[in-house]
Amino acid sequence: ENNVIQNVREQGLPELITMHGINSYFGNGDIIRNNIIHNIHSKAVNSSAGILLSGSSGEYGVNNQVYNNMIYDIQCTSNQSVRNVAGIILWYQNNPKIYYNSIYLSGIGNGANPLGSASLYIDLNCTNVEVKNNIFVNTRDESPYCASAIYDYNTLNITSDYNDLYSNNYLVRVGSTNYNTLADWQTTGQDINSLNEIANFTSPTDLHINNNYITKLDGYATPIAGIETDFDGQPRNALLPDIGADE
């Protein structure tokens, strides 16, 4: 909580799978909140991520929460065949809650056969993922692969709504199925109350919302019990909070 995590680079650790800012491994009821995570760069390992909720067979994370975080400048220049980039990545998680985060991915992908990038990357063995009130922006160029706001590895196992989803490529990918637009994605019953708007951040390195612009993000979220303040400790509107980490 209340950390600024930056400039994470590989230091001869080839056994790592993901270079990350924060990792909850096999956590139970962990809360990761109110952090700025940026400048996470990897060159040799599989992937880079701002926040990782992880586990393994028989060691599942349960009821972990991630909210009010700002994540940007996550890069991976590895040539691993499974290279990927994520703001938040999940694996081996039951009932994770992802609320009120602001994520901005940018850059250019590479690698022989990368798995692309996603602001929220739901990997193997996750169930009942709840995703609300987040800004998920992905402007990366992963061509000819996939850059998306949300990527779910194999099955539709999330409840997602009241988010702002934006991508230059596919908006959402589930397994090998691509949803190009918010309307396409909404046919699955997900994100019925969500937006497709490029968030006007103060700058690419400051994910507060620029108050000089009118935005639909204002008052478009849904209240979450127990989360009464934003990233800065300012009160959230009890009835009509704003989408993202900044109220």
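No value in this document is a laboratory result; all are computed from the given coordinates. Since this is a predicted model, take the numbers as computed values, not measurements. Ideal geometry is used to build each Cβ from the backbone, glycine not excepted, and the neighbour counts take in all protein chains shown.
First check a/c for region 77-155, with a ≥ b ≥ c the square roots of the eigenvalues of its C-alpha gyration tensor; if it is under 1.5, answer rounded, and if not, answer prolate when a/b is larger than b/c or oblate otherwise.
Here region 77-155 falls in the oblate category.
Take the Cβ-Cβ distance between Thr127 and Ala183 as r, set R0 to 22 Å, and report the resulting FRET efficiency rounded to the nearest 0.05.
Working from the Cβ atoms, E equals 0.25.
Using +1 on the beta carbon of Lys and Arg, -1 on that of Asp and Glu, and nothing else charged, what's the dipole of the chain about the Cα centre, debye to 20?
The dipole of the chain has a size of about 460 debye.
In whole Å, how far is the Cα centre of region 22-56 from that of region 113-179?
Computed from Cα coordinates, the inter-centre distance equals 17 Å.
Straight-line reach from Lys132: which lysines have a Cα under 19 Å away, not including same-chain ones fewer than 8 places off?
Lys97, Lys216
Per residue, how big is the convex hull of the chain when only Cα atoms are used? Give it in Å³.
Measuring per residue, one finds 110 Å³ for the Cα hull of the chain.
Once both labels are modelled 7 Å past Cα along the beta-carbon direction, what's the Asn79-Asn39 spacing in nm?
2.8
Between Asn28 and Asn210, what's the calculated FRET efficiency when r is the beta-carbon distance and R0 is 41 Å? Round to 0.05.
Calculated transfer efficiency: 0.60.
For a quick check of your reading of the filter: which chymotrypsin sites (Phe, Trp or Tyr not before Pro) in region 187-247 sit in a DSSP loop and have no more than 13 other Cβ atoms within 10 Å?
Sparse-neighbourhood loop chymotrypsin sites (Phe, Trp or Tyr not before Pro): Tyr213.
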